[in-house]
1. Tell me which DSSP H helices of the chain clear both cut-offs, 15 Å or more of axial length from alpha-carbon atoms and a mean Kyte-Doolittle hydropathy of at least -0.5.
2. When only alpha-carbon atoms count, how far does the stretch 82-141 stretch along each of its three principal axes, as whole angstroms with the largest first?
3. Can you tell me the relative contact order of the stretch 25-177? Whole percent, Cα pairs under 8 Å, sequence separation 6 or more.
4. Which one, (i) 9, 32, 35, 19, 4, 0; (ii) 10, 41, 40, 10, 0; (iii) 9, 31, 29, 17, 12, 2, gives P(r) over Cα pairs in 10 Å bins from 0, in percent as derived from the coordinates shown?
5. Of GLY140, MET47, HIS67, which is farthest on the positive side of the dipole of the stretch 6-148, counting Cα position, with +1 on Lys and Arg Cβ, -1 on Asp and Glu Cβ, and the Cα centre as origin?
6. By the gyration tensor of its Cα atoms, with a ≥ b ≥ c the square roots of the eigenvalues, what is the shape of the stretch 7-85: rounded for a/c under 1.5, prolate for a/b over b/c, or oblate?
7. May I ask for the net charge around ASP53, where only other residues with Cβ less than 13 Å from the Cβ of ASP53 are counted and Lys, Arg are +1 while Asp, Glu are -1?
8. Within the set of other residues whose C-beta is less than 15 Å from the C-beta of TRP87, count the net charge using Lys and Arg as +1 and Asp and Glu as -1.
Amino acid sequence: MTRPTAERFHAVFARVERLIEDKWGIPVRVRDVPDPFTGDLDGAEIMVDYDLDAEDALFIVVHLFGHTVQWNVDPDSRAIGVYPGPWDEAALAKVCAYETNACRYSMQLFHDAGVVDLDQWLSDFSACDYAYLEHFYRTGEKRAFRSFWSDGHATITALPIPAFTAQRWITRNGIVI
């Protein structure tokens with residue numbers, strides 16, 4: 001896969017940010033998010049750390065939008081989003097489904113925004129993200145995020161975004177690792 005350019009990531013970020021804010025009334029705030037976290041959400045607002053490169057910022061905004069959808073349509077998703085552990089096989093299965101569906105909403109957001117050239121990138125980034133999370137939940141070890149990257153994962157199937165009204169639920173205070 002040819003890596004998209006930083007300019008492409010910036011352009012797509014601007015496009016999806018505008019759609020998130022205009023269609024769903026969810027502000028996207030680029031600001032300081034306490035280290036080592038990269039973003040946060042509360043159900044009504046998405047926060048993206050200002051120190052991220054364009055690629056990471058794009059993934060964070062679309063992924064947190066996916067979780068924002070979940071939080072506003074499914075109380076069980078909110079519970080998974082703030083679950084502190086322990087991470088046994090049953091809890092990992094729930095978090096895998098939670099993460100997968102957030103990425104499926106992310107893919108639909110891309111398509112709704114007219115972005116159809118980043119499907120493989122989003123699929124590979126999502127696989128990296130989940131591999132990182134699963135490793136962390138199983139071991140407590142934070143390894144370099146990109147050490148989990150590999151190309152060519154199955155393309156995520158978009159999940160239609162249901163109608164919802166954004167509502168502030170809770171702040172996770174940096175749980176996005």
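No value in this document is a laboratory result; all are computed from the given coordinates. The structure presented is a predicted model; accordingly, all values stated were derived computationally and were not measured. Using ideal geometry, Cβ is built from the backbone for each residue, glycine included, and neighbour counts are taken over all protein chains shown.
1. Working: long enough: 6-24 (26 Å, -0.41); 54-73 (29 Å, 0.78); 89-112 (34 Å, -0.11); 119-139 (30 Å, -0.62).
Sorted by number, the helices that extend far enough and score high enough are 6-24, 54-73, 89-112.
2. 40, 18, 15
3. Details: 217 pairs, mean separation 49.1, N = 153.
Relative CO of the stretch 25-177 lands at 32 percent.
4. Checked against the structure: label (ii).
5. Towards the positive end, the residue furthest out is HIS67.
6. On the way: a/c = 2.15, a/b = 1.32, b/c = 1.63.
It comes out oblate by the Cα gyration axes.
7. Values: positive: ARG3, ARG8, ARG146; negative: GLU7, ASP49, ASP51, GLU55, ASP56.
Net charge around ASP53: -2.
8. Numbers: positive: LYS94, ARG138, LYS142; negative: ASP88, GLU89, GLU99, GLU134, GLU141.
Net of charged neighbours comes to -2.
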